[in-house]
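The values are calculated or read from the model by the stated rules, or taken from the named source; none is laboratory data. Predicted model, so just to flag it, every value in this text is computed and none were measured. All Cβ positions, even for glycine, are placed from backbone atoms using ideal geometry, and neighbour counts span all protein chains on display. In case anyone asks, the SASA skips ligands and DNA or RNA and just uses the protein heavy atoms, side chains included. Shrake-Rupley method; radii C 1.70, N 1.55, O 1.52, S 1.80 Å.
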Amino acid sequence: AIVVNEHLIVRILRPNYTRMSPYNTSSYYQTTLSLKALNTELRHIKNEKSAAGMSGSNLPKSKRLAIVRPFCEFDDEALPRTFSSWEGIKPCYKDVNQDSHVIDLFLSYSQTYSENSQAMKSADYLISQFWKLKDGGWAECFGNIYAIEQNIAQELDLYIPTAQEDLYNWINGPNRQFERMYRIIGSGEWGQYDAMFIMEGDVVIRKEYWLNKLLDEISSKAPFAVLGSEYLGGKYDPIYDQLDYSFLHKLTGNSVYNMSSELLQHLVGQLEVEARSPYNSIPYDNRISQILVEGQYGIVARLGSKIMLDEEGRDIPLSNNTALFHEWWKMYSTETPYKSTGVLADYAATNLLPHHLGEESLVHGAKLYSYYNSSLMGNISIVISSGKSNTIESSLRLQSEFESARHIFSEIVLMVDHNKTL
């Protein structure tokens, strides 16, 4: 370490592997100051080479699954906390990495690690924790952990839901991140993976052995292009009749993607082609569903009227791809490319109590609540106050409804103006 103009400059001796493929494709390995994270990976590489030397070539080819945890500048600090639901819930009941499977975990940053110290810090912590938990913790069910990046420019790494009616690239960040994660995992540089499971930070683990159940489901549902969950929540109930067929039957972005699917290759390529078009205003999971519906039924997706205008207020012409999408559907529909799974349930933006859930092991997007336990937290009272907007009569009716219903309150208190009489 040296000091230059009152700034501390730290130089470390990095292991040679950081300059080799695939590690040299991620700025994390070139810039992290965590020797602990770098050296644990070095020991793992040596162990892998030693095991490969002893095993010979008679072992069956392992099936490889990449579990990808995407994150961005918005949630880089919270990244370590998203693994809190993993603690105390055993992912597997046997070492799946010795049972003809290799499961690796990828920390996937939308921008560039070297340009964000917080993203680097979060990755440092999780990689170090991973190797601590390899003996008896949840990490024992995984082979390795990697830090990859999508190098999206900060000004283009956008997610602005409030602008979805006006800005064609309001969701450019997640859309580009999905495409680039698919390309990185599919490149073969980090390993020849059969499937990629995108598991965002709001996917909560509910049941142990979820990894075994997911692997069994992948095997039993093959072949497919995408394996996931349709939306099961109640957010859209008030406008259900207004929703497009493709939206009602889309699978969540937190799905399993078959890396060998030719149809999926076409779909991702189409998303890349549409990156500068109004179709970029559609989240990638919804757009995949739209393309399949257009290919199957000829229904072309609707876009917002403002999205369809250029900067001068003129209509933007769109290519007619119905024939192309129909050809894809004819070629690959026999494989039932779009399949649902009961292992994962998509409840995005839905408040749930335990009795709402079924046998799913993984829940996406829900806000999970528990019943109030008075023996642990004490009694709780509810106060009904009458006033200008709530008359005494309406307060009495509400009190009566509470008394005749099942509730958690130890007492119901009616508060009225002392100048008024009941």
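The table below gives the values:
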quantity: Residue match in segment 187-209 (condition: closer than 23 Å to THR82 by Cβ, modelled with pLDDT of 95 or more, of a type in the set (Val, Ile, Thr) and open to solvent by 20 Å² or more (accessible area, probe 1.4 Å)); calculated: no
quantity: Positions within segment 125-158 being touching a Cys at 6+ places or on another chain (Cβ under 7 Å) and either open to solvent by 50 Å² or more (accessible area, probe 1.4 Å) or not in a loop (DSSP other than H, G, I, E, B) (or both), in sequence order; calculated: CYS141
quantity: Helices (runs of 4 or more DSSP H) completely within segment 234-324 that count 3 or more residues being in contact with a Leu (Cβ under 7 Å, 6 or more places away or on another chain) and either free of Cβ contacts under 8 Å to residues at least 24 places away in the same chain or open to solvent by less than 80 Å² (accessible area, probe 1.4 Å) (or both); calculated: 284-297
quantity: Tabulated pairs, segment 368-395, first farther than 30 Å from VAL204 by Cβ, second modelled with pLDDT of 80 or more and exposed (fewer than 10 other Cβ atoms within 10 Å of the Cβ), C-beta under 6 angstrom, 6+ apart or interchain; calculated: SER381/GLU411
quantity: Residue list for segment 334-359, restricted to those being out of contact with any helix residue (DSSP H, G or I) (no Cβ under 7 Å at 6 or more places or on another chain), farther than 25 Å from ASP237 by Cβ and modelled with pLDDT of 90 or more; calculated: THR334, THR336
quantity: Residue in segment 325-347 that is nearest to LYS207 (Cα to Cα), counting only those that are outside any helix (DSSP H, G or I) and open to solvent by 30 Å² or more (accessible area, probe 1.4 Å); calculated: GLY342
quantity: Filter result (under 22 Å from the mean Cα position of the chain (by Cα) and either assigned to a helix (DSSP H, G or I) or touching a residue at least 60 places away in the same chain (Cβ under 8 Å) (or both)) within segment 111-124; calculated: THR112, TYR113, GLN118, ALA119, MET120, LYS121, SER122, ALA123, ASP124
quantity: Single residue of segment 163-181 satisfying the filter (at pLDDT 95 or above and open to solvent by 30 Å² or more (accessible area, probe 1.4 Å)) that is nearest to PRO278 (Cα to Cα); calculated: PRO174
quantity: Residue within segment 380-389 that is under 30 Å from HIS249 (Cα atoms), basic (Lys, Arg), out of contact with any Cys (no Cβ under 8 Å at 6 or more places or on another chain) and open to solvent by 70 Å² or more (accessible area, probe 1.4 Å) present; calculated: no
quantity: Positions within segment 210-233 being buried (at least 17 other Cβ atoms within 10 Å of the Cβ) and not hydrophobic (A, V, I, L, M, F, W, C), in sequence order; calculated: ASN212, LYS213, GLU217, GLY228, SER229, TYR231, GLY233
